[in-house]
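The values are calculated or read from the model by the stated rules, or taken from the named source; none is laboratory data. Just so we're clear, the structure is a prediction, and the values are computed from it rather than from any experiment. Each accessible area value is taken on the protein alone, full model and side chains, heavy atoms only, with ligands, DNA and RNA left out. Shrake-Rupley method; radii C 1.70, N 1.55, O 1.52, S 1.80 Å.
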Amino acid sequence: MKISRYLAPAAAAALVTLALTGCSPIINLEPAELANDPACAEIIVRLPDSVGGLNKRSTNAQATGAWGDPAAVILRCGLAPAEASSLTCVTASDIDWLVDDSKAPSYRFISYGRTPATEVIVDSTQIAGVTALDELAGAVQAIEATKRCTS
């Protein structure tokens, strides 16, 4: 399974959402394919009220979260897990993440070795990616890692 077939649609939708949410009280997001997985509920109930000083916002899709006005951090749980990828893998707060920097300064991080996977999209002009990942780690760790990135 290639991760690339998941990148374009989700990244495009998230970037449009980042651009259009400045005046909207509720952020419109598309749920991920596996958003109804009970493991996603374990993440969502653990999401923090703020990330890097950015307040949590309401979303209209299952297993999602957003912070900032306009939204600078978007989380979606329920992606199919990545089996192999050419993306760089980094570790933040003991969670492995695949990093898609193709839309920089918006970065897409996909959890690696957790089923279902979680994606976090960060506008790095508003908050550092590592800050967002560190502050979301407590929630994302609700899904146990079954494998790790190798260097």
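For region 82-98, the Karplus equation 6.51 cos²θ - 1.76 cosθ + 1.60, evaluated at θ = phi - 60°, returns couplings of 7, 8, 8, 7, 8, 6, 5, 10, 10, 10, 9, 6, 6, 10, 8, 10, 7 Hz by residue, with Gly and Pro reported as x. Per-residue accessible area (protein heavy atoms, 1.4 Å probe) orders THR64, THR91 as THR91, THR64, starting from the largest. To the nearest 10, the accessible area of SER124 is 50 Å² with a 1.4 Å probe. The phi-based Karplus calculation (6.51 cos²θ - 1.76 cosθ + 1.60; θ = phi - 60°) puts the 3J(HN,Hα) values of region 102-108 at 5, 10, 3, x, 8, 10, 10 Hz, whole numbers, x for Gly and Pro. The Kirkwood hydrodynamic radius of region 69-151, based on inverse pair distances between different Cα atoms, is 12.7 Å. The phi torsions of region 65-81, fed into the Karplus equation with coefficients 6.51, -1.76 and 1.60 and a -60° offset, translate into couplings of x, 8, 9, x, 9, x, 4, 10, 9, 10, 10, 9, 9, x, 7, 5, x Hz, rounded to whole numbers, with Gly and Pro shown as x.
Accessible area ranking (1.4 Å probe, heavy atoms, ligands and nucleic acids excluded), largest first, for ARG114, ARG46: ARG46, ARG114.
Each residue of region 84-125 gets 70 Å³ once the volume of the Cα convex hull is shared out per residue.
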